[in-house]
Amino acid sequence: METTDFQLARNVFGRLVLTAADGTVCEGVVPVRAFPIAASGEGVALIGPDGHEAGWIERLEALPEVLRQLVEEELGRREFMPEIRRIHAVSSFATPSTWTVDTDRGETSLVLWGEEFIRRLGKSGLLVEDSHGIHFLVRDINGLDTASRKLLDRFL
Amino acid sequence: MIPDNLQIVSKTILPEAWREETAGLMAAGETLLTWLEVDLDVGLRYARGFLVVTDQRLLARSPGEVGWQEWPYRQGLRLNHHDHAGVGSLELHDETARLGGWRYTIGNNPAALRLVDEFDLQMESHLSGRPVERPEEDVCPKCGAPLDGEEECPVCAREIHAPPSTRTLLRLWRFAKPYRWSLFWGFVLTLVSTAAAMVPPYLTIPLMDDVLIPYQNGTPIDIGLVMLLLAGLFGASLVAWGLGWVKTYILSLVAEHIGSDLRTTTFEHLMQLSLEYYGGKRTGDLMARIGSESDRICQFLSMQVLDFTTDVLMLLMTAVILFSISPWLALVTLLPLPFIAWMIQLVRDRLRNGFEKADRIWSEISNVLADTIPGVRVVKAFAQESRETQRFRAANAINLAVNDRVNRIWSLFSPTVTLLTEIGLLVVWAFGIWQVSENQITVGVLAAFLAYITRFYTRLDSMSRIVSTTQRAATAAKRLFDILDHVSSVPDPANPVRLTEVKGRIELRDVSFRYGNRSVLRGVDLAIEPGEMIGLVGHSGSGKTTLVNLICRFYDVTEGAIRLDGADIRQLSVADYRRNIGLVLQEPFLFFGTVADNIAYGKPHATRQEIVAAARAAHAHEFILRLPQGYDSLVGERGQGLSGGERQRVSIARALLIDPRMLILDEATSSVDTETEKEIQKALDNLVRGRTTIAIAHRLSTLRKADRLVVLDRGMIVEVGNHDELMAREGAYYRLYQAQARNVDVDMDETSGEVPRVEHKSKGR
């Protein structure tokens with residue numbers, strides 16, 4: 001178990017308060033993953049309200065349970081990258097096109113401005129950016145069902 | 001029905017789903033003011049909730065909950081808004097705790113901002129007891145959402161998300177109108193030439209029935225009749241050829257003219273658009289729009305539409321002729337037509353996907369090239385040639401794989417069309433032979449039928465292409481009209497005030513500027529006397545460049561006014577006004593051309609003496625003479641071959657030549673080393689003399705000649721005075737100066753954008 005040189009707690013306003021080893025208190029820190037896609041569990045920075053790094057977590061899973069829960073809870077509230085599980089329909093194969101999709105966060109629709117907004121991640125992953133700049137993740141194209149894959153293929 | 005007490009102040013219409021429910025909540029005399037539909041819950045899962053601001057309270061139904069919560073306005077209540085990575089968040093606090101929080105995707109941000117604004121207004125009015133003072137707002141006429149200085153309403157923009165409709169093509173009529181007579185004649189010729197092409201197969205009937213078959217039955221050939229028929233065949237072909245030639249020529253000419261007009265008009269319009277527009281666009285994209293998209297439309301008009309019309313006309317005429325000869329056989333002949341068309345469409349559809357895919361992969365390859373070639377210095381410096389080769393190889397391999405697949409279908413395509421045609425012919429043969437045997441038709445009729453249908457079966461393939469080409473042309477047209485429909489955000493006044501003698505007194509009165517929903521400048525008041533030199537100082541992001549952009553009228557102020565010699569600059573013609581401004585930027589841009597051309601850019605008719613004089617004053621004369629062809633040396637593509645300092649001096653000469661009353665130096669010396677800076681400084685001193693000058697510089701030492709220094713912080717003027725005064729005051733300027741004197745950046749985060757880039761220094765020859 002990794003020892004941390006800071007403590008975390010949540011105050012009444014729902015903010016995270018970091019107390020460093022030297023006793024300095026930083027209120028309203030936010031956890032930010034350094035590699036949100038490549039290695040989501042490694043390297044999480046705690047950024048203070050002034051934009052400076054107040055703490056650094058090498059590996060999330062090595063954190064003490066209580067701390068880890070706090071950080072993950074906060075991450076869950078901030079991070080928004082729905083993972084596409086299924087593509088129900090696309091309005092057209094010409095862009096801009098509206099997709100109706102199933103994600104791990106529920107059903108929604110997204111507007112794709114153009115094919116260039118689909119980014120390849122590694123061999124079989126995709127990152128789809130919608131018209132508002134929200135990123136949708138496709139972890140593995142081959143993991144999608146055939147119908148979704150066929151629809152998706154028209155844009156790749 | 002909306003009850004009477006549900007007066008909606010914001011012009012937006014309440015979503016159907018929430019109308020009844022919110023109406024039931026309103027107390028007597030309570031007015032619903034604005035609302036927000038949130039689409040995420042606190043755990044960021046998609047779920048619907050609703051927030052309402054009335055003149056008495058804030059109401060909320062959080063996603064996943066059944067009941068409504070309410071917070072009447074009271075002391076200490078605060079609604080905070082912030083957004084991060086596509087998720088907006090509203091949090092309600094009082095002095096002691098957090099009362100509630102809501103999340104939504106960023107598309108709802110305008111509505112959320114409206115809600116927060118309204119909440120703040122109501123709170124203020126409730127606490128102070130005064131009625132709500134509503135500021136005059138710039139709202140979208142369509143939906144009532146605030147425009148935040150944007151030209152396009154962020155809410156309504158959603159509606160444009162529909163894919164381009166083929167109806168867009170009709171808008172091309174605007175460009176076709178000048179050529180309507182040519183188009184009309186082109187159409188007439190198409191009609192006639194197609195009709196002429198219908199004649200030869202028709203002549204096979206008498207040729208068979210009156211000449212060949214009687215001959216087989218023992219009747220001698222009637223030479224006169226044969227000659228007549230053959231002459232008819234030849235004549236019809238000749239006429240069809242001649243007319244086809246003329247019509248293709250006319251229509252291609254028209255299409256080329258329309259395409260050319262389209263290109264020029266688009267470019268002309270593009271040049272009129274404000275910098276704001278360019279800020280949000282990629283150069284490559286704009287280039288593609290004007291270049292290849294207009295070409296695609298041109299091709300569509302000249303080739304594809306023409307072919308398609310001809311084909312349709314031919315099909316109709318053939319059908320009429322066939323039916324007039326023998327209705328039954330005609331029916332059987334045309335029966336397989338829809339089926340064949342459908343089959344062709346099916347294959348073509350797959351093929352199109354393949355081609356589109358190949359197109360996209362092709363761009364991947366060019367991306368590797370576009371990445372590697374300009375960055376070749378880095379590639380070589382880190383000895384990564386083999387890695388880049390590998391990347392190229394990989395992209396190429398994908399290209400190969402996709403093309404292989406396309407070719408598999410492609411190779412199947414033509415034989416399939418042929419097969420389908422043959423089958424169609426087979427049906428006609430079979431039915432025709434049966435009819436001949438029943439003596440319902442003659443052999444000649446059957447021969448004519450066969451001649452007709454072989455013609456248009458083969459045309460089916462090209463006809464099937466019209467769907468995809470139309471779609472493509474519509475996309476291209478839409479992208480061009482996107483540019484053409486954009487209205488410049490710095491419009492020329494209808495009746496511009498004429499500028500006579502410009503003295504150069506610039507006055508900023510309570511100037512505010514917002515970019516998107518970010519406030520960049522707030523309440524800036526400044527009067528600059530003619531001939532005065534002002535130094536703008538502040539962290540990056542403090543609004544210095546924005547202020548300069550506003551003075552140049554690259555953007556228009558959101559609030560307040562900028563006046564030149566007492567006249568609002570919005571009343572002056574844009575070109576007229578800018579003629580009085582000389583601009584020297586951090587990274588001077590040299591156009592492709594000679595050094596002399598570049599110096600004379602702002603004054604194309606300058607004499608050689610003037611150019612040399614300007615170059616001398618800019619301390620550029622001597623190094624220009626050292627170039628192999630002196631003033632006639634070619635520079636361009638960012639002035640390769642000239643060092644940063646040399647380019648800067650050319651651009652100073654350019655500004656000197658137009659002899660402007662106002663001069664703007666935006667970090668003119670920050671991309672060069674100290675040695676070069678001294679030389680440029682000498683050139684600048686010549687330039688500044690006697691002109692109203694506004695200079696931005698990161699190195700405070702370069703502003704030592706300024707009459708007054710204006711210190712900006714977060715969009716506001718915090719200090720004004722000369723160097724000594726400001727140092728004595730020990731305020732913001734003092735801290736900045738001290739930090740630089742110690743050679744430490746005040747705050748790396750905030751100033752890193754201004755640290756000169758290393759690559760530029762080493763570009764010298």
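For this structure, a couple of remarks:
- Filtered by the rule that a residue be touching a Pro at 6+ places or on another chain (Cβ under 7 Å) and either among the aliphatic types (A, V, I, L, M) or surrounded by fewer than 15 Cβ atoms within 10 Å (Cβ to Cβ) (or both), region A:46-80 gives A:Leu46, A:Val71, A:Leu75.
- Scanning region A:116-133 for residues that are of a type in the set (S, T, N, Q) and more than 10 Å from chain B (Cβ to nearest Cβ) returns a single hit, A:Ser124.
- Elements of type helices (runs of 4 or more DSSP H) in region B:313-397, at least 3 residues being more than 20 Å from A:Glu115 (Cα to Cα) and in contact with an Asp or Glu (Cβ under 7 Å, 6 or more places away or on another chain): none
- Any hit, region A:72-86, residues being within 16 Å of B:Tyr46 (Cα to Cα), in a strand (DSSP E or B) and over 16 Å from the mean Cα position of the chain (by Cα): yes
- So A:Phe136, is it within 29 Å of B:Thr475 (Cβ to Cβ), more than 7 Å from chain B (Cβ to nearest Cβ) and assigned to a loop (DSSP other than H, G, I, E, B): no
- Neighbours by Cβ (under 6 Å, 6+ apart or cross-chain): first from region B:380-391, closer than 14 Å to B:Ile365 by Cβ; second assigned to a helix (DSSP H, G or I): B:Glu388/B:Thr372; B:Glu388/B:Val379; B:Arg391/B:Val368
- Residue selected from region B:346-390 under the condition closer than 13 Å to B:Ile409 by Cα and of a type outside the set (A, V, I, L, M), by the criterion surrounded by the fewest Cβ atoms within 10 Å (Cβ to Cβ): B:Asp349
- Taken together, B:Gly244, B:Gly235 contain a single residue that is surrounded by 13 or more Cβ atoms within 10 Å (Cβ to Cβ), free of Cβ contacts under 8 Å to residues at least 40 places away in the same chain and in contact with a helix residue (DSSP H, G or I) (Cβ under 9 Å, 6 or more places away or on another chain), which is B:Gly235.
- Test result for B:Leu230, modelled with pLDDT of 85 or more, of a type in the set (A, V, I, L, M, F, W, C) and either under 30 Å from B:Leu169 (Cα atoms) or in contact with a helix residue (DSSP H, G or I) (Cβ under 7 Å, 6 or more places away or on another chain) (or both): no
- Test: residue in region B:66-89 that is facing chain A (nearest Cβ under 8 Å), in contact with a strand residue (DSSP E or B) (Cβ under 9 Å, 6 or more places away or on another chain) and free of Cβ contacts under 8 Å to residues at least 12 places away in the same chain: yes
Per-residue answers, yes or no, for (1) surrounded by fewer than 17 Cβ atoms within 10 Å (Cβ to Cβ); (2) more than 26 Å from B:Leu306 (Cβ to Cβ); (3) free of Cβ contacts under 8 Å to residues at least 40 places away in the same chain:
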residue: B:Pro201; (1), (2), (3): no, no, no
residue: B:Thr204; (1), (2), (3): no, yes, no
residue: B:Met208; (1), (2), (3): no, yes, no
residue: B:Val211; (1), (2), (3): no, yes, yes
residue: B:Pro220; (1), (2), (3): yes, yes, yes
residue: B:Met227; (1), (2), (3): yes, yes, yes
residue: B:Leu230; (1), (2), (3): yes, yes, yes
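- Considered as a group, the residues in region B:92-108 that are aliphatic (A, V, I, L, M) and at the interface with chain A (Cβ under 7 Å from one of its Cβ atoms) include one that is farthest from A:Ser131 (Cα to Cα), and that residue is B:Ala97.
- Of the criteria (1) modelled with pLDDT under 90; (2) closer than 19 Å to B:Val87 by Cβ, which one A:Val101 fails: (1)
- Inside region B:30-48, residues that are within 14 Å of chain A (Cβ to nearest Cβ) and within 15 Å of B:Glu91 (Cβ to Cβ) make up a count of 5.
- Against the numbered list (1) under 21 Å from the mean Cα position of the chain (by Cα); (2) over 21 Å from B:Leu44 (Cβ atoms), A:His132 comes up short only at (2).
- Count of region A:89-115 residues which are more than 8 Å from chain B (Cβ to nearest Cβ), surrounded by fewer than 16 Cβ atoms within 10 Å (Cβ to Cβ), free of Cβ contacts under 8 Å to residues at least 24 places away in the same chain and not in a loop (DSSP other than H, G, I, E, B): 2
- Evaluation of B:Arg130 against the conditions (1) over 35 Å from the mean Cα position of the chain (by Cα); (2) more than 14 Å from chain A (Cβ to nearest Cβ); (3) modelled with pLDDT of 80 or more shows that the sole unmet condition is (3).
- In the set B:Leu521, B:Leu499, B:Leu508, B:Leu526, only one residue is part of a loop (DSSP other than H, G, I, E, B) and in contact with a strand residue (DSSP E or B) (Cβ under 8 Å, 6 or more places away or on another chain); that residue is B:Leu499.
- Of the residues making up region B:701-723, those that are part of a helix (DSSP H, G or I) and at pLDDT below 80 are B:Ser701, B:Thr702.
- Members of region A:3-33 found to be more than 16 Å from A:Arg68 (Cα to Cα), free of Cβ contacts under 8 Å to residues at least 12 places away in the same chain and away from every other protein chain (no Cβ under 14 Å), listed by number: A:Asp22, A:Gly23, A:Thr24, A:Val25
Listed here are the residues, each with its yes/no results for (1) part of a helix (DSSP H, G or I); (2) modelled with pLDDT under 85; (3) among the aromatic types (Phe, Trp, Tyr).
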position	(1), (2), (3)
B:Pro588	no, yes, no
B:Phe591	no, yes, yes
B:Tyr601	no, no, yes
B:His605	no, no, no
B:Ile611	yes, no, no
B:Arg616	yes, no, no
B:Glu622	yes, yes, no
B:Glu637	no, yes, no
B:Gly645	yes, yes, no
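- Residues that are crowded, with 17+ Cβ neighbours inside 10 Å and either among the small types (Gly, Ala, Ser) or at pLDDT below 75 (or both), drawn from region B:677-700: B:Ala683, B:Ala695, B:Ala697
- Any hit, region A:64-71, residues being at pLDDT 85 or above and within 10 Å of chain B (Cβ to nearest Cβ): no
The values are calculated or read from the model by the stated rules, or taken from the named source; none is laboratory data. Keep in mind it's a predicted model, so treat the numbers as computed, not measured. Glycine also receives a Cβ, built like all others from the backbone with ideal geometry; neighbour counts cover every protein chain displayed.
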